[in-house]
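Take a look at the structure set out below.
The values are calculated or read from the model by the stated rules, or taken from the named source; none is laboratory data. These numbers come from a predicted model, not from an experiment. Methodologically, a virtual Cβ is constructed for each residue, glycine included, from the backbone with ideal geometry; neighbour enumeration extends over all protein chains shown. Accessible surface areas use protein heavy atoms only, side chains included; no ligands, DNA or RNA. Shrake-Rupley method; radii C 1.70, N 1.55, O 1.52, S 1.80 Å.
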Amino acid sequence: MDKIDSLKLYSAILTKAKELGACLAGIAKVEDLKSAPSYTVAPVMPDYASVGANKERLDGLKHGEVKWPEDARSVIVVAVEHPEDKLEMDYWYGSKDPIGNRKLIAVVKGLLEWLEKDYGVSGFHLPYHVERGGIYLKDAAVYAGMGCIGKNNLLLTPEYGSRIRLRGLTLPLDLPSSGPNSFDPCAYCDAMCNKACPQNAFRTQVYTPEQHGRKELPGRIGDYDRTICSIQMKANEDIAVLEDVEGVAGIEQPVRVVKYCRICELNCPIGKGQLSRSRLDNIYSKYQSWPV
Ligand code: B12
Ligand code: SF4
Ligand code: SF4
């Protein structure tokens, strides 16, 4: 594909992703991602097998390693907003995917069908779990120009803060990359996101540049401890109760609704819809199982 054609396709993909329901979209090069922070650091961190990890790793895959599709050259990252006035977008209803994830899946499927039909290009729908063939989506989103990694260890975007969820697909085409950029509001912020964590998961530096070979670590400086964060996630699972749910496709009976913690995400003032203190307190009560 020549340069003009790849620029036209690049722009058409981003437009189509938004038509299909993405609030943000961007493109990153696979070659750049192979040396991005999570891709080089995760394999040398201690293995993680708690909430959010899939126990069934693809054959031959080492812990933290990413299995790229052989022909993958570019990653399209799409995002869907999970605003604080629609907390249910993030809830797990029994074994059903959250509403937001279902929306993301529909966007990716729509893009793949359109690319095949209009351009004769076959892409690959990346699974969510890295252990099952997925990739580290936050780094991909940074390289795709969607934002930076905040001190809350999440992708932070100018438009929505961290209140978005991500999914991706790969293409066998070299497309222009839309990032990274210089957006970094955390440089001037005293990190209320970290202070609000009910488990104090950012209490101390647990990963160092010397041990991990680079300075971009979990929580930026190595102070986000996923084993502590997962204690809260397990507590959220334990306190989930049967609820009558209305208006969620596929749910007819009362189901256990798991509301995973997102306090470090919601406590950041960046992006749309800044929260009043009373609304924050109301939200906290839904996630916390004990007082801080
Ligand atoms: C496993 C997992 C979990 C586990 C373990 C988390 C972990 N970070 O290890 C648990 C269950 C604890 C968890 C918790 C949460 N998760 Co989670 N999780 C994942 C998953 C599947 C893989 C993440 C992973 O293993 N990362 C590898 C570890 C080693 O990296 P890391 O801790 O993120 O640290 C790296 C970055 O900080 C990066 N980095 C640091 N500085 C810089 C600078 C630059 C320039 C760059 C490029 C990178 C970079 O380098 C670090 C490694 O050195 C992803 C989905 C996916 N496929 O990517 C979702 C994902 C990251 N989770 C997400 C969310 C929202 C959450 C929660 C809020 C829970 C919730 N309600 O959904 C919390 C937030 C915790 C936090 N503050 O980070 C979203 C993030 C969206 C966003 N806005 O960023 C993702 C992308 C899923 C999604 N559907 O969109 N999660
Ligand atoms: S509250 Fe938001 S802007 Fe401030 S440090 Fe945390 S993530 Fe960055
Ligand atoms: S998701 Fe909750 S427990 Fe985990 S780091 Fe954020 S605030 Fe702390």
Checklist outcome for this item: With ARG256 itself left out, Lys, Arg at +1 and Asp, Glu at -1 over residues whose Cβ is under 13 Å from its Cβ give -2
Next on the checklist: Let me cross-check ILE239: its accessible surface, 1.4 Å probe, with only protein heavy atoms counted, in Å² to the nearest 10?
Outcome noted: 80
Item to check | Neighbourhood charge, 15 Å Cβ-Cβ cut-off, centred on ASN194 and excluding it, Lys, Arg +1 and Asp, Glu -1 | outcome: +2
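Set the Förster distance to 35 Å, then compute FRET efficiency between LYS109 and THR208 from the Cβ-Cβ distance, nearest 0.05.
On the way: r = 41 Å, r/R0 = 1.18.
E(calc), rounded to 0.05, equals 0.25.
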Checklist entry - Mind checking the angle between helix 99-119 and the chain's longest principal axis? C-alpha axes, 0 to 90 degrees, to the nearest 10. => result 0
Checklist outcome for this item: Across GLY213, GLY64, GLY145, the residue with the highest GNM fluctuation in the chain (Cα network, 10 Å cutoff) is GLY213
Item to check | FRET efficiency, TYR48 to ASP184 (Cβ-Cβ, R0 22 Å, nearest 0.05) | outcome: 0.25
Checklist entry - To the nearest 10 degrees, how steep is helix 3-19 against the longest Cα principal axis of the chain, on a 0 to 90 scale? => result 40
Item to check | Where a label projected 7 Å from the Cα of ALA12 along Cα→Cβ would reach, residues of the range 88-126 with amide N under 20 Å | outcome: 107-125
Checklist outcome for this item: Check: C-alpha center the range 209-234 vs C-alpha center the range 69-92, spacing in Å is 22
Item to check | Positive-pole candidate from TYR188, TYR128, TYR224, dipole of the range 3-286, charges at beta carbon | outcome: TYR188
Checklist entry - Around ARG57, with a cut-off of 12 angstrom between Cβ atoms, what is the net charge of the other residues, counting Lys and Arg +1 and Asp and Glu -1? => result -1
Next on the checklist: Quick check: the angle from helix 277-287's long axis to the longest principal axis of the chain, C-alpha only, nearest 10 degrees?
Outcome noted: 90
Checklist outcome for this item: Computed over the range 3-286, protein heavy atoms only, probe 1.4 angstrom, the accessible area per residue in square angstrom equals 49
Next on the checklist: Quick check: Cα centre of the range 3-40 to Cα centre of the range 114-165, how many Å?
Outcome noted: 9
Item to check | aspartates and glutamates whose Cα lies under 18 Å from that of LYS62, excluding same-chain neighbours fewer than 8 positions away | outcome: ASP47, GLU70, GLU131
Item to check | Ranked by how many other beta carbons lie within 10 Å on average, peptides 109-117, 136-144 from highest | outcome: 136-144, 109-117
Checklist entry - Taking a probe of 1.4 angstrom, what is the accessible area of ARG214 in Å², to the nearest 10? => result 50
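Where does each of 215-225, 248-258 land if you order them by average Cβ count within 10 Å, highest first?
By packing density, highest mean first, the sequence is 215-225, 248-258.
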Item to check | HN-Hα J in Hz across the range 150-156 - Karplus 6.51, -1.76, 1.60, θ = phi - 60°, x for Gly and Pro | outcome: x, 5, 7, 6, 10, 5, 10
Next on the checklist: Using the Karplus curve 6.51 cos²θ - 1.76 cosθ + 1.60 with θ = phi - 60°, what ³J(HN,Hα) values do you get for each residue of the range 200-216, in whole Hz, with x for Gly and Pro?
Outcome noted: 6, 6, 10, 6, 7, 6, 9, 10, 10, x, 4, 6, 10, x, 6, 8, 8
